[in-house]
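Some notes on the structure that comes next.
The values are calculated or read from the model by the stated rules, or taken from the named source; none is laboratory data. Computed from a predicted structure; not experimentally measured. Glycine also receives a Cβ, built like all others from the backbone with ideal geometry; neighbour counts cover every protein chain displayed. To get the accessible areas, we keep the full protein, side chains included, count just its heavy atoms, and leave off ligands, DNA and RNA. Shrake-Rupley method; radii C 1.70, N 1.55, O 1.52, S 1.80 Å.
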Amino acid sequence: MTGKPMAKTSKNILDEARSTIKQIGIDEARTMIDKPGTVLVDVRESDEWRQGHIPQAVAIPRGFLELRIEEKVPDHKTPVVLQCASGTRSLLAARTLRELGYENVYNMTGGFSAWKDRGLPWIADRAFTADELTRYSRHFVIPEVGEKGQAKLLDAKVLLLGTGALGSPSALYLAAAGVGTIGLVDFDVVDMSNLQRQIIHTTDRVGMPKTESAQKAINALNPGVKVIRHDVRLTSENAMDIVKDYDVVVNCGDNFPTRYLINDACVFSKKPLVDGAIFRFEGNTTVFYPAKGGPCYRCLYPEPAPPDMAPSCAEAGVLGAIPGLIGSIEALEAIKLIIGAGSPLIGKMVYFDTLSDKDFVRILKIRKDPKCPVCSEHPTQTTLIDYEAFCGFGAPANGTAHAEPAASTSAAASAR
């Protein structure tokens, strides 16, 4: 009769791990991680990482190791050095990686404590407040965002041109994401007819300046966001001065003169411009960023359409949910630019025809025009001009005149 096998103690488990995992000291670990191809994985908890970590390290808390290691180290032959505070948790983590099939696994004895005691380089990330740790907790667990990405968002400055149909969802999602500073450019006031689509405003704010109404909504959602109000009409005289202080510009306006103006201002200041347009059941979004090799608005639309081909929202109408869709994508593209995640829509336009059962969504390629008067290697226009005259419009009475139809994306189709 055989008895039950004796349960292993933690000492037994650690001894077994030491017999199978190669232990390396600080000097050998430094030599390894300085070589291309070796990955240093810090398995401490997030609060420990925040207080300080080795610059080359990749953070994967011990409890998430099995779930995330292949995102960071897909090749099981890659040399992996594991590190914790003192070397115990990383030893167990190394044993786990060996069981997962990783062939070159090493444990750094002494851990981060020994590294610091030696006076070796280490860095500390942004210290988040208790409110920020809770508010952005769902961002922290996204590998493409994490604490570094959230810190970038909190330090970022985004300028929103327009606080109407597109500006409403863009502003709210940028604020919710934790963009630290949001600039609002608008000189209009809230009207009852706006409320069908401009969800940042409310009935009790009819008659209030749109920037003031938007600021109330933004800070009600996220009090930590700094809102800078520009209660002015954007002109050739003030555009460069307003744009210069921001990292990303989001065009939520709806008239031709302003589109050409903000495009040229962003080209001259080398700022990325996230652009959106809507028309009834259609909409599109793209990113104009010549400084990164992409086209600008002038590459797509060299000349403005005749005034009678650009009906306003009041004349043509727009379904309220369409700007919600396009404005949200504009916010997403701005966030991607800030944190450096994925591929922004530079040189591409996402186009929605929501009534179609075949081409509900299309991706159109936009070529950079080598003869573009603004963003080519030899531009013929190097300063801002009179855009009202250029577009053949008189000065608009408010910020909602001369809406550009998204149906004009047919011009982009020929550029594929």
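Please tell me if Ala291 is assigned to a helix (DSSP H, G or I), under 28 Å from Tyr246 (Cα atoms) and touching a Phe, Trp or Tyr at 6+ places or on another chain (Cβ under 6 Å).
On the way: assigned to a helix (DSSP H, G or I): yes; under 28 Å from Tyr246 (Cα atoms): yes; touching a Phe, Trp or Tyr at 6+ places or on another chain (Cβ under 6 Å): no.
In short, no.
Annotation: of all residues in segment 147-160 being under 16 Å from Leu332 (Cα atoms) and open to solvent by 10 Å² or more (accessible area, probe 1.4 Å), the one that is nearest to the chain's Cα centre (by Cα) is Lys152. Out of Ile199, Ile228, Ile182, one residue alone is at negative phi, of a type in the set (Val, Ile, Thr), open to solvent by 20 Å² or more (accessible area, probe 1.4 Å) and not in a loop (DSSP other than H, G, I, E, B). It is Ile228.
The sole residue among Lys226, Lys210 that is under 27 Å from Glu132 (Cβ atoms) and of a type in the set (Lys, Arg) is Lys226. Taking the listed residues Val179, Val158, Val250, the one that is touching a Lys or Arg at 6+ places or on another chain (Cβ under 9 Å) and either in contact (Cβ under 8 Å) with a residue 60 or more places away in the chain or closer than 27 Å to Pro295 by Cα (or both) is Val179, with no other qualifying. Looking at Ala413, Ala397, Ala406, Ala331, which one is modelled with pLDDT under 95 and either within 30 Å of Leu153 (Cβ to Cβ) or crowded, with 18+ Cβ neighbours inside 10 Å (or both)? Only one candidate passes the filter, namely Ala406. Taking the numbered list (1) under 19 Å from Cys372 (Cβ atoms); (2) touching an Asp or Glu at 6+ places or on another chain (Cβ under 6 Å); (3) assigned to a strand (DSSP E or B) in turn, Val250 passes all entries but (1).
Of the listed requirements (1) open to solvent by 10 Å² or more (accessible area, probe 1.4 Å); (2) farther than 28 Å from Thr380 by Cβ; (3) within 15 Å of the chain's Cα centre (by Cα), Tyr289 misses just one: (2).
Of the residues making up segment 129-143, those that are closer than 18 Å to Asp42 by Cβ and in contact with a helix residue (DSSP H, G or I) (Cβ under 7 Å, 6 or more places away or on another chain) are Phe140, Pro143.
What number of residues in segment 120-145 are in a loop (DSSP other than H, G, I, E, B) and open to solvent by less than 40 Å² (accessible area, probe 1.4 Å)?
From segment 120-145, those in a loop (DSSP other than H, G, I, E, B) are 120-122, 124-129, 136, 141-145; that's our starting set.
Those left that are additionally open to solvent by less than 40 Å² (accessible area, probe 1.4 Å): 120, 125, 128, 136, 145.
Final tally of qualifying residues: 5.
Taking the stated definitions as given, is Asp241 free of Cβ contacts under 8 Å to residues at least 12 places away in the same chain, over 21 Å from Gly392 (Cβ atoms) and open to solvent by 10 Å² or more (accessible area, probe 1.4 Å)? Here the answer is yes, as Asp241 does meet what is asked.
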